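All remarks here apply to the structure that follows.
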Amino acid sequence: MRIVNVHLLDRACSIFIGGGARCQLANLIRDLGGIMRVAVVADQHVADLHLERVLQGLGISPVILVFPSGEQSKSLRQVERLYDGLAEARIGRRDLIVTLGGGVAGDIGGFVAATWMRGIRFVQMPTTLEAAIDASIGGKTGINHAAGKNLIGAFHQPVAVVVDTDFLGTLAARDYVAGLAESVKHAVIRDPAFFEWHEQRAAEVVARASAVVEELIARNCEIKAEVVARDEREANLRMILNYGHTIGHAIEHLVGYELRHGECVGLGMLVENELARARGLLADQVAERVAGLIERLGLPARLPRALEPDEVAATCRMDKKVRGDAVNFVLVEALGRPKRLADISDDEIAAALAVVQPR
Ligand SMILES: NC(=O)c1ccc[n+]([C@@H]2O[C@H](COP(=O)([O-])OP(=O)(O)OC[C@H]3O[C@@H](n4cnc5c(N)ncnc54)[C@H](O)[C@@H]3O)[C@@H](O)[C@H]2O)c1
Ligand SMILES: [Zn+2]
């Protein structure tokens, strides 16, 4: 098992990574102190698959609060249901919430933990690659509003993150591969050596070789935690985590249920690299290396259907307008060298989109 220790928002947090890491939960409950009751907030599908193993040897019987799988559960209605469950179980200020599932479980369970009695402790047990390497680190929690995704939320840091890689085994291949897009993102913006590591180990990464998966998760946790931790001093560094996401979110919005989030991010990185290449910021050879890796990992390199270029550009702007943000693009000038640009035109977006349009 690997342990990554991170310091975020004035709090130390250990991330336990490995097969059987779930056993750490009993130790955590004992060591944190003062815990009388535990509530597990779990994704229905994940609970069916893995809850029994989580509960084995826990030494305490938690109250189980299950929510329906899927993004629609990031709603006030589900949050209210969870509050009802916490009230009924008399979960108090010194008690603990454990979230079990993908990014949705972490976001909704973390938000409930952030707001119940003005914030109680919680442990994340991410069960998707997306959640293990991205969503569970950084302390962002929240739910959606009709006006947009993640508009309601709070910063609340988990006391620990437990990534039991045994649980990732039941993840569909497509969901696992989609999560790899965030790993490519972290490597491209922050760590050229880690990018090369992906190139050398692509086959083992895709085959989910356990030692390789553990190493991948650990390095991603370090990168994300380092970027988030520095944001407190270097205002807005955290923005670099949006690489691939400005275009990616627009594609996600327009293509909707046909693609996974990570698949949209992969396409977003390709388009954003093209924006950088067209401006002469990024060498052809680097853009080709990133595209080559995305393809070898099995992420789509083309859209499932053609999108109207103007519509993609307008969607990028709309999403930011809802949040009152300027449209900032994070492009890369080289591996490990992200650069923020605010002056990308709709014409440039439209031209760059051609690299991912179906042939
Ligand atoms: N807080 C953050 O910083 C942050 C960062 C990135 C993403 N997110 C959020 O995370 C969410 C996406 O996360 P996700 O991709 O994990 O989605 P998800 O939680 O919906 O999980 C995807 C699907 O996989 C299933 N699943 C989960 N674990 C499984 C397993 N081990 N075996 C089999 N099936 C399993 C779930 O039931 C679900 O149907 C979005 O809501 C996004 O906004 C948050
Ligand atoms: Zn993402």
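The values are calculated or read from the model by the stated rules, or taken from the named source; none is laboratory data. Small disclaimer: the values here were computed from a predicted structure and weren't measured. Backbone-built Cβ (ideal geometry, glycine too); neighbour counts: all protein chains shown. Ligands, DNA and RNA are stripped out before the accessible areas are found, and what is left, the full protein with its side chains, is counted by its heavy atoms. Shrake-Rupley method; radii C 1.70, N 1.55, O 1.52, S 1.80 Å.
If you scan the range 1-53, which residues turn out to be modelled with pLDDT under 95, under 25 Å from Val213 (Cβ atoms) and in a helix (DSSP H, G or I)?
Those that are modelled with pLDDT under 95, under 25 Å from Val213 (Cβ atoms) and in a helix (DSSP H, G or I): none in the range 1-53.
I'd like to verify a number: residues in the range 150-172 that are open to solvent by 20 Å² or more (accessible area, probe 1.4 Å) and touching a residue at least 24 places away in the same chain (Cβ under 8 Å), how many?
13
Every residue in the range 129-141 that is open to solvent by less than 10 Å² (accessible area, probe 1.4 Å) and more than 14 Å from ligand 2 (Cβ to nearest atom), please.
Answer for the range 129-141, where residues must be open to solvent by less than 10 Å² (accessible area, probe 1.4 Å) and more than 14 Å from ligand 2 (Cβ to nearest atom): just Gly139.
Out of everything in the range 240-260 that is closer than 13 Å to Leu303 by Cα and within 11 Å of ligand 2 (Cβ to nearest atom), what residue ends up being least open to solvent (accessible area, probe 1.4 Å)?
Gly248
Specify which of the listed residues (Val255, Val228, Val265, Val271) is within 16 Å of ligand 1 (Cβ to nearest atom) and more than 17 Å from Lys149 (Cβ to Cβ).
Val228
What is the residue count in the range 241-281 for residues that are out of contact with any Leu (no Cβ under 7 Å at 6 or more places or on another chain) and assigned to a loop (DSSP other than H, G, I, E, B)?
6
For (1) surrounded by 13 or more Cβ atoms within 10 Å (Cβ to Cβ); (2) among the acidic types (Asp, Glu); (3) closer than 30 Å to Leu151 by Cβ, each residue gets a yes or a no:
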| residue | (1), (2), (3) |
| --- | --- |
| Ala283 | yes, no, no |
| Val286 | yes, no, no |
| Arg296 | yes, no, no |
| Leu299 | yes, no, yes |
| Arg302 | yes, no, no |
| Glu308 | no, yes, yes |
| Val312 | yes, no, yes |
| Lys320 | yes, no, yes |
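Which condition does Leu100 not pass, out of (1) modelled with pLDDT of 95 or more; (2) not in a strand (DSSP E or B), if it passes all the others?
The number of the failed condition is (2).
So the check is Cβ under 6 Å with 6+ separation or different chains; which pairs have a first residue in the range 254-265 that's over 16 Å from Ala131 (Cβ atoms) and a second one that's at pLDDT below 95 and open to solvent by 50 Å² or more (accessible area, probe 1.4 Å)?
none
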